[in-house]
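J.: Below you will find the structure I want to go over with you.
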Amino acid sequence: MTADDRHERREPANPWLWAYDGYDADTQGLRESLCTLGNGVFATRGALAESTADGVHYPGTYLAGVYNRLATELAGRTVENESLVNAPNWLVLRVVADDGTPFDVEHCTVLDHHVELDMRRALLVRRSRLAHPDGRVLDLTERRLVSLRDRHVAALATTLHPEGWSGTVVVHSALDGTVRNAGVARYAELDDDHLVHVGAGGTADPEGISLEVETSASHIRIAEAARTRVLVAGAAVDVARTTVERERYVGQDLTVPLDPDAPVTIEKVVALCTSRDDGIAAPRLAAEQWALEMAGSFDEVAERHIVSWRHAWDRSRITVVGADARTQAVLNLHLLHLLQTVSKNTTELDAGVPARGLHGEAYRGHIFWDELFIFPFLNWRVPELTRSLLRYRARRLDMARHLARGAGRLGAMYPWQSGSDGREETQTMHLNPASGHWLPDASHLQRHVDIAVAYNVWAYWQVTHDLEFMRFWGAEMLLEIARFWASATTYDAVRDRYDICGVMGPDEYHEGYPWRDEPGLDNNAYTNVMAVWCIERAFDALDALPPHRAAELREKLGIDGAELDRWGDISRKMTVCFLDDGVIAQFAGYDQLAELDWADYTERYGNIGRLDRILEAEGDSPNRYKLAKQPDVLMLLYLLGRDDLQAIVARLGYELDEDAIDRTVAYYDRRTSHGSTLSQMIHAWVFAHLDPDHSWALLRHALVADVEDAQGGTTAEGIHLGAMAGTVDLIQRCYTGLAVRGDVLVLDPALPAPIESVAFGIRFRGYTLDLTVTHDETRLVAKPNGHDEAIVVEIAGATHELAPGDTLVVPAV
């Protein structure tokens with residue numbers, strides 16, 4: 001029950017606070033995702049501590065890299081799905097009145113409810129005034145954190161203040177391993193129980209409890225331990241305790257006296273350890289040691305945590321002056337969730353970057369191509385993180401080779417969806433919630449994930465010149481990806497051209513042709529052009545290596561001169577299709593598709609972002625139409641820019657002038673439904689120089705895709721991490737023109753009018769630089785690094801040298 005209907009998110013006066021006023025059952029899932037706390041090892045959704053998975057609330061804790069595989073009989077076939085496992089819920093803390101009524105939002109009248117995420121310190125604060133049916137009012141304030149400093153530790157402290165009454169309550173503190181993966185309605189028909197009981201009970205310390213479970217198929221042990229303490233005026237007090245234990249569940253009931261003149265704080269410090277953790281042989285023992293002996297009090301954990309976040313923000317913040325406070329707040333929120341999903345702690349793990357973060361169960365926690373939009377930010381800020389996450393792909397290179405051989409190809413074919421071991425995790429069927437139909441899923445044909453892996457390797461190399469990484473892992477990945485693309489081509493002797501057939505591009509609306517039964521498209525422009533780019537980078541990688549290492553690698557992989565010659569031939573003769581007016585065709589045969597009546601569908605459905613679901617529910621198919629869920633051809637401009645795209649197209653013997661590029665942009669812009677959260681961000685990038693006002697408007701829409709739940713309920717299932725990181729990176733790289741050309745650091749600012757200035761720090765090949773861009777000037781400060789050698793910087797076409805300790809100020813042209 002609620003005393004009023006105030007449940008709006010409060011517009012931020014402070015861009016470091018993200019707050020909600022009022023309790024609203026309909027938006028709890030959204031709030032839980034956006035108020036998730038994490039440290040790169042695990043993350044916990046911002047669910048109320050007393051809640052269960054009841055259709056309104058969904059407590060969830062997810063550990064990076066912890067997956068489990070289950071099989072389900074579905075539509076007459078056995079369907080396997082590997083999921084990021086929902087770990088035991090450590091939050092459980094319930095306050096129960098002496099008559100058995102819980103003091104919570106379901107059983108009491110909510111007089112006031114306020115949730116505030118302190119983004120600077122990664123602390124979640126909840127304040128509720130709850131009126132018992134008999135009129136007693138309890139003021140409850142909770143502070144919560146997942147420690148960035150102590151990677152196994154989380155904690156909460158709940159202060160109880162009875163307003164004008166005294167009495168006794170029971171506080172139930174527990175670790176709940178009976179949780180399931182039930183956070184996505186579309187997966188309701190799939191088996192979702194991943195955990196089996198190992199052990200549970202109290203500890204030698206009467207304040208402690210611990211629980212250990214194991215994933216049913218991957219056999220990963222997950223242990224949690226908690227110390228629950230009662231404090232009055234900051235001092236611990238003894239209370240009566242009873243341990244509650246059953247399979248996959250352990251808790252304590254604490255009998256706590258309340259007095260209006262002496263608020264009581266319930267402090268719960270928790271540790272999570274797994275059998276995957278380095279240096280841990282017995283997870284339950286390790287969790288008990290952390291929670292009961294090593295972590296300390298809530299305040300001690302918080303103090304270390306806050307210092308670590310101050311350092312993290314020093315490396316990662318971006319300050320935008322001129323835009324409203326909400327824009328800066330959303331940027332901070334996006335960065336917070338990126339830094340909570342991947343952190344310094346992540347470098348110790350074998351884990352990739354799930355598309356939906358560690359915030360929910362959508363996409364089953366799989367890794368797609370979203371690194372393409374995440375790594376560019378990390379490259380310039382915390383390149384060690386990129387290196388660690390690229391090694392997730394390097395460790396799965398052999399599996400990618402195996403997948404390529406299974407498809408009749410050479411080299412390495414990374415899967416569209418990856419999980420624990422790098423096999424293809426893409427489902428064979430998917431549910432359309434608009435029709436209730438289970439449909440064949442051909443998205444595994446998005447071989448362009450190989451392009452993303454190669455692009456990420458090369459972008460990291462450009463910024464860091466990390467020769468060790470290139471020698472041991474990067475070059476081999478680039479060569480095997482180039483080999484895959486070469487083997488995927490077929491040669492047409494009549495046209496003297498190479499074709500790539502039977503793939504999907506980034507636009508998931510088109511899985512095949514309406515006139516052909518088998519899925520897949522021919523000569524997708526994005527795939528073909530970027531395959532050429534991959535081959536060119538493979539040659540560059542060989543050149544970047546010391547000659548003896550290049551020779552070793554060629555010998556190891558069996559790459560002879562004839563194979564390299566064929567790669568070179570492909571890089572000059574790949575097919576790219578065009579429409580009659582010189583617009584790049586998304587794929588061969590695109591001109592034969594029908595136009596969609598956009599006005600009719602908009603009038604009938606309003607939000608037509610997911611036209612694929614709408615059309616299928618009508619018995620139609622997006623394969624019949626000239627439309628796009630998200631950029632496909634325009635991805636070429638996002639990754640390559642105009643100059644590099646024109647250079648590759650010219651190398652292939654085609655013409656693509658500036659007017660043709662403009663027509664291509666306009667053509668696909670008006671045929672895109674923006675059914676992906678990535679879409680408007682990419683379009684904003686493409687329009688940055690062509691139409692800065694339109695670019696800014698698109699970015700503003702992209703910024704609120706998750707915070708306003710633009711896709712109608714999907715944010716509750718997990719954030720869209722690629723879109724979040726991509727919006728920040730757009731301001732970081734696109735609006736400042738930040739790039740690398742050879743050995744030159746390039747800046748070519750083009751701020752939209754509403755932005756007065758942008759300021760942030762970057763790292764470039766051993767140099768640490770502070771950058772400020774305004775409409776009047778570009779200022780670059782190089783911090784001392786113990787060396788005297790200057791770097792070459794190009795700003796708005798003019799070349800300068802910048803030595804450590806110096807400042808460069810260049811007026812705008």
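Values quoted throughout were computed directly from the atomic coordinates according to the rules given, and no laboratory measurement underlies them. Please read all numbers here as calculations on a predicted model, not as lab measurements. Neighbour counts are summed over all protein chains in view; Cβ atoms, including those assigned to glycine, are modelled from backbone coordinates with ideal geometry.
J.: Counting only C-alpha contacts under 8 Å and six or more residues apart, can you give the relative contact order of the chain as a whole percent?
T.: Averaging sequence separation for qualifying contacts and normalising by length gives 11 percent for the chain.
J.: As I understand it, the value is the acute angle between the Cα axis of helix 561-573 and the longest principal axis of the Cα atoms of the chain; what does it come to in degrees, rounded to 10?
T.: Taking the Cα atoms of the chain, the angle to 561-573 is about 90 degrees.
J.: Calculate the dipole size of the chain relative to its Cα centre from +1 charges on Lys and Arg beta carbons and -1 charges on Asp and Glu beta carbons; express the result in debye to the nearest 20. Numbers along the way, then the final one.
T.: Working: 78 positive and 123 negative charges, 305 e Å.
About 1460 debye.
J.: Listing Tyr605, Tyr625, Tyr58 from the residue with the fewest other Cβ atoms within 10 Å to the one with the most, what is the order? Spell out each step's value before the answer.
T.: Working: Tyr605 13, Tyr625 20, Tyr58 24.
Lowest to highest Cβ neighbour count: Tyr605, Tyr625, Tyr58.
J.: Subtracting the Cα-Cα distance from 0.36 nm times the residue separation, let me have the gained length for Ala204 to Glu247 in nm, one decimal. Kindly include the intermediate steps, with their values, before the conclusion.
T.: Details: separation 43, 0.36 × 43 = 15.48 nm, distance 2.01 nm.
Working it through step by step, the gained length comes to 13.5 nm.
J.: Across all directions of projection, what mean area in square nanometres is found for the Cα convex hull of the range 366-673?
T.: 16.6 nm²
J.: Let me ask something else about it. Where does helix 635-651 land angle-wise versus the long Cα axis of the chain, in degrees 0 to 90, nearest 10?
T.: Taking Cα atoms only, the helix is inclined about 10 degrees.
J.: Write out the chymotrypsin sites (Phe, Trp or Tyr not before Pro) in the range 491-520 meeting two conditions: DSSP loop, and at most 12 other Cβ atoms within 10 Å of their Cβ. Let's see the in-between values first.
T.: On the way: sites: Tyr491, Tyr498, Tyr509, Trp515; in loops: Tyr509, Trp515.
Sites meeting the loop and neighbour criteria: Trp515.
J.: If you don't mind, there's one more thing I want to ask. If each DSSP helix of 4+ residues adds -39,500 (n - 2.57) and the sum is divided by the residues in the chain, what number results at 222 nm, nearest 500 deg cm²/dmol?
T.: Helix-only estimate at 222 nm: -9000 deg cm²/dmol.
J.: How much length would be gained if the chain were fully extended between Ala282 and His689, taking 0.36 nm per residue of separation minus their Cα-Cα distance, in nm to one decimal? Mind dumping the intermediate values first?
T.: Numbers: separation 407, 0.36 × 407 = 146.52 nm, distance 5.66 nm.
That works out to 140.9 nm of additional length.
J.: Take the alpha carbon atoms of the range 9-315, find their radius of gyration, then divide it by 2.2 N^0.38 Å using N residues; give the quotient.
T.: Numbers: Rg = 19.2 Å, N = 307, 2.2 N^0.38 = 19.4 Å.
Working it through for the range 9-315, the quotient is 0.99.
J.: Taking the convex hull of the Cα atoms, report for the chain its projected area averaged over all directions, in nm².
T.: Working: hull surface 142.2 nm².
With every direction weighted equally, the projected area is 35.5 nm².
J.: Loop-only GluC sites (Glu not before Pro) in the range 580-652, please: DSSP not H, G, I, E or B, and at most 14 other Cβ atoms within 10 Å.
T.: Qualifying residues, ordered by number: Glu595, Glu618.
J.: Still on this structure, please answer the following. Could you work out how much longer the chain between His311 and Asp776 gets when fully extended? Use 0.36 nm per residue separation minus the Cα distance between them, nm to one decimal.
T.: Numbers: separation 465, 0.36 × 465 = 167.40 nm, distance 3.05 nm.
Length gained between His311 and Asp776: 164.4 nm.
J.: Also, I was wondering about something else. Name the GluC sites (Glu not before Pro) in the range 698-780 that are in a loop by DSSP and that have at most 16 other C-beta atoms within 10 Å, would you?
T.: Working: sites: Glu708, Glu717, Glu756, Glu777; in loops: Glu708, Glu756.
The qualifying sites are Glu708, Glu756.
J.: How far, in degrees from 0 to 90, does helix 658-669 lean away from the longest principal axis of the Cα atoms of the chain, to the nearest 10?
T.: 40 degrees
J.: Net charge near Pro383: determine it from the other residues with C-beta under 11 Å of the C-beta of Pro383, scoring Lys and Arg +1 and Asp and Glu -1. Intermediate values should be presented prior to the final figure.
T.: Working: positive: Arg315, Arg381, Arg387, Arg763, Arg765; negative: Glu384, Asp466.
Here the count lands on +3.
J.: Let me ask something else. May I have the count of lysine pairs in the chain with C-alpha atoms under 29 Å apart, counting pairs 8 or more residues apart or located on different chains?
T.: Numbers: Lys268/Lys344; Lys344/Lys783; Lys556/Lys573; Lys573/Lys626.
Number of lysine pairs found: 4.
J.: For Trp416, Trp438, which order do you get if you count the other beta carbons within 10 Å of each Cβ and list the fewest first? Before the final figure, lay out each step's value.
T.: On the way: Trp416 22, Trp438 17.
Starting with the residue having the fewest Cβ neighbours, the order is Trp438, Trp416.
J.: Based on the alpha-carbon set only, what is the convex hull volume of the range 488-570 divided per residue, in Å³? Don't skip to the end; give the middle numbers.
T.: Numbers: hull volume 10.1 nm³, N = 83.
Looking at the range 488-570, the number lands at 122 Å³ per residue.
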